[in-house]
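The values are calculated or read from the model by the stated rules, or taken from the named source; none is laboratory data. None of these values were measured; they are calculated from a predicted model. Methodologically, a virtual Cβ is constructed for each residue, glycine included, from the backbone with ideal geometry; neighbour enumeration extends over all protein chains shown. Ligands, DNA and RNA are stripped out before the accessible areas are found, and what is left, the full protein with its side chains, is counted by its heavy atoms. Shrake-Rupley method; radii C 1.70, N 1.55, O 1.52, S 1.80 Å.
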Protein chains: 6
Amino acid sequence: MTLTALEKGRAHVAKMNPGLEETLSDRYDHLVPDMAESLIEWAYGRHYVRKGLDVKTRQLCTVAALTALGGQTGPQLKINIAHSLAVGVTDKELAEVIWQMSVYGGMPAAINGLNALLDVQAEQ
Amino acid sequence: MTLTALEKGRAHVAKMNPGLEETLSDRYDHLVPDMAESLIEWAYGRHYVRKGLDVKTRQLCTVAALTALGGQTGPQLKINIAHSLAVGVTDKELAEVIWQMSVYGGMPAAINGLNALLDVQAEQ
Amino acid sequence: MTLTALEKGRAHVAKMNPGLEETLSDRYDHLVPDMAESLIEWAYGRHYVRKGLDVKTRQLCTVAALTALGGQTGPQLKINIAHSLAVGVTDKELAEVIWQMSVYGGMPAAINGLNALLDVQAEQ
Amino acid sequence: MTLTALEKGRAHVAKMNPGLEETLSDRYDHLVPDMAESLIEWAYGRHYVRKGLDVKTRQLCTVAALTALGGQTGPQLKINIAHSLAVGVTDKELAEVIWQMSVYGGMPAAINGLNALLDVQAEQ
Amino acid sequence: MTLTALEKGRAHVAKMNPGLEETLSDRYDHLVPDMAESLIEWAYGRHYVRKGLDVKTRQLCTVAALTALGGQTGPQLKINIAHSLAVGVTDKELAEVIWQMSVYGGMPAAINGLNALLDVQAEQ
Amino acid sequence: MTLTALEKGRAHVAKMNPGLEETLSDRYDHLVPDMAESLIEWAYGRHYVRKGLDVKTRQLCTVAALTALGGQTGPQLKINIAHSLAVGVTDKELAEVIWQMSVYGGMPAAINGLNALLDVQAEQ
């Protein structure tokens, strides 16, 4: 039996951040009906579950991009640092990826990224 | 004997893109003295040669970030797609990373990134 | 008699956010003489009062752009959400526009935008 | 019978840009399997078909955001200008929205946006 | 007699890029009535003519910002490089400012900026 | 005897922000070995000490770029406002440069930049 993208996304999130859909739904669905379902389907069911690249590398690439994009994505960078640790990425690998972004996104972006990593470490 | 950052950067570039420093120097050093040397030292000698993360993952993370940052980094995205292939990253892995960026940088950034990959494939 | 751009801008602001010019002037004019007058003339007298598009659609387009541009424009996004409500845009329309930006500016931008809307609702 | 998001997205695209899924599939699916289907589901089936905001305003908001985001989204801006005209938005409304973005995204973004509109007019 | 912002802007442009308002008007005013007048008033009459900073430093700061913002502002970067040369800034100063942006906007932005300078030199 | 880039960078920082390398090292080097040394070498030893442009103009250009880039660079904007004051730039010059960025980076970026200047003034 083939799972839909939504079902695959839910299965992925269950392993990494159970309760994420409920949290999103409680916060946003009264504003945007189906927002939570739609996000799980798209981000997880259509991306992280894809074949061709392991999930640890996917998470590191997400952390790289969110670091380079800069402060607008600060909250999501912290969530994805936590998600990365949850799937087995090490603090060392995260620090290396973030620092490398100083070449491409500039020094401010990299320093803000390291601060996000320090914040997540302090919270855990 | 310890190598300086500049020497380490030169050794790294020699394996991946020999002639890069000369190309940069011919094009830019009359405008910005030492630009080529400075770029090799910083980007390669201070980043790609670091321990703690393999160079293939580093390249994928760079491709992720340049895709998410968008068109301003188009030429560099193509150079880094070529560098990624040169160190053993596959077209498949590149395509997966680029497409994943639609979640974080938006659909236009991801589509432009896929177009850059198609361009590099066509040129090779 | 023809009004100048500055006079038209002042008339527009009087209906939507009376006291805005004074607030800006008190805060910024000692640093940048004429900053408040200049902002009213440019943003309102040269843009919002223009013909060819109703002010509600103008406000929704501004909210769309500020959402997609991301966190740097957080304070201005909240001000423009409030301005939108003041000219008759509904919460529903605002939520729909903000969520649509997940396609173009990425998921983090859209989620930050929804949070801004929730903040404005909580403040009112 | 309830349509899935993918089915709703396909129905919407059929009216506005028939052949879009095939074009995307031919160009990208060998790199990223299911890319075309996934894009139609997400961008159109999960966004443009939503209730709460008419499609003309949705298109104008997209044009606003793509203008403000700037050059990286140049090709998509032109596509969305064409989509806007296809659903009944006028050139005048497009010009007004694009110009307004000079306040939020800066003058270069607005001028590039007007140039994109001129290009689309010349092509049609 | 006090000049209006528009009159001051026109006087400034007359020295640096005569014909600019007419060029803008011919290209854009049929789309956006008064666009040219409005741009001259805002960018030149409200900014470049201000006291407190000499025009050469203003131009260098504009070049710095357009470089850091990246490709979206490519055409405007080239225009401002030409404007900078017209008010006495040297090629050397421009090259130094552009290269410095590699620290803040990342290496791709700086290299694109140097390429813009080379293009302007080749055109002159 | 020729100084290395690292030595030149350290000499520059000693005059403007003594203790910066230690602060960075204490905070980041356990995550990213040699981060502090590498930043001093690159940002100061390879940029601010260069010939061809005085350090006050370099600082103003940095403030311009960080303002235009927007909120992601907020902390670094404040640091560079303080560095600018430390090398003799005036509050007036800073305010003028920041406000000018409303033309290129949009109004939100300029207002956030003025707020950063007000914050630094309040802290000193």
If you check B:GLU21 against the conditions, is it part of a helix (DSSP H, G or I), closer than 16 Å to F:TRP42 by Cβ and acidic (Asp, Glu)? no
Could you say whether any residue in segment B:89-101 is open to solvent by less than 10 Å² (accessible area, probe 1.4 Å), facing another protein chain (nearest Cβ under 7 Å) and under 20 Å from A:ALA110 (Cβ atoms)? yes
From the residues in segment F:1-11 that are in a helix (DSSP H, G or I) and without any contact (Cβ under 8 Å) to a residue 40 or more places away in the chain, which one is surrounded by the fewest Cβ atoms within 10 Å (Cβ to Cβ)? F:ALA11
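Within segment A:107-117, can you find the residues that are open to solvent by 30 Å² or more (accessible area, probe 1.4 Å) and either closer than 16 Å to A:SER84 by Cβ or without any contact (Cβ under 8 Å) to a residue 24 or more places away in the chain (or both)?
Passing the criteria: only A:ASN115.
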Could you grab me the full set of residues in segment A:16-41 that are closer than 28 Å to D:LEU31 by Cα and touching a residue at least 12 places away in the same chain (Cβ under 8 Å)? A:MET16, A:GLU37, A:LEU39, A:ILE40, A:GLU41
Are there any helices (runs of 4 or more DSSP H) wholly within segment E:32-124 with 2 or more residues that are among the charged types (D, E, K, R) and under 21 Å from F:GLU96 (Cα atoms), and if so which? E:55-69
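Within segment A:45-52, is there a residue that is within 14 Å of chain C (Cβ to nearest Cβ), crowded, with 16+ Cβ neighbours inside 10 Å, out of contact with any Leu (no Cβ under 9 Å at 6 or more places or on another chain) and closer than 30 Å to C:GLU93 by Cα?
Narrowing segment A:45-52 to residues within 14 Å of chain C (Cβ to nearest Cβ): A:45-48.
From the residues that got through so far, the ones that are crowded, with 16+ Cβ neighbours inside 10 Å too are A:45-48.
Pick out the ones that are also out of contact with any Leu (no Cβ under 9 Å at 6 or more places or on another chain) and you get A:46-48.
Imposing the further condition that a residue be closer than 30 Å to C:GLU93 by Cα reduces the set to A:46-47.
Yes, the conditions are met somewhere in segment A:45-52.
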Tally up the residues in segment C:12-28 that are within 13 Å of chain F (Cβ to nearest Cβ), open to solvent by 40 Å² or more (accessible area, probe 1.4 Å) and not hydroxyl-bearing (Ser, Thr, Tyr), please. 2
Subset tally (residues that are touching a residue at least 24 places away in the same chain (Cβ under 8 Å) and either under 21 Å from E:LEU69 (Cβ atoms) or more than 9 Å from chain C (Cβ to nearest Cβ) (or both)) for segment A:67-78: 7
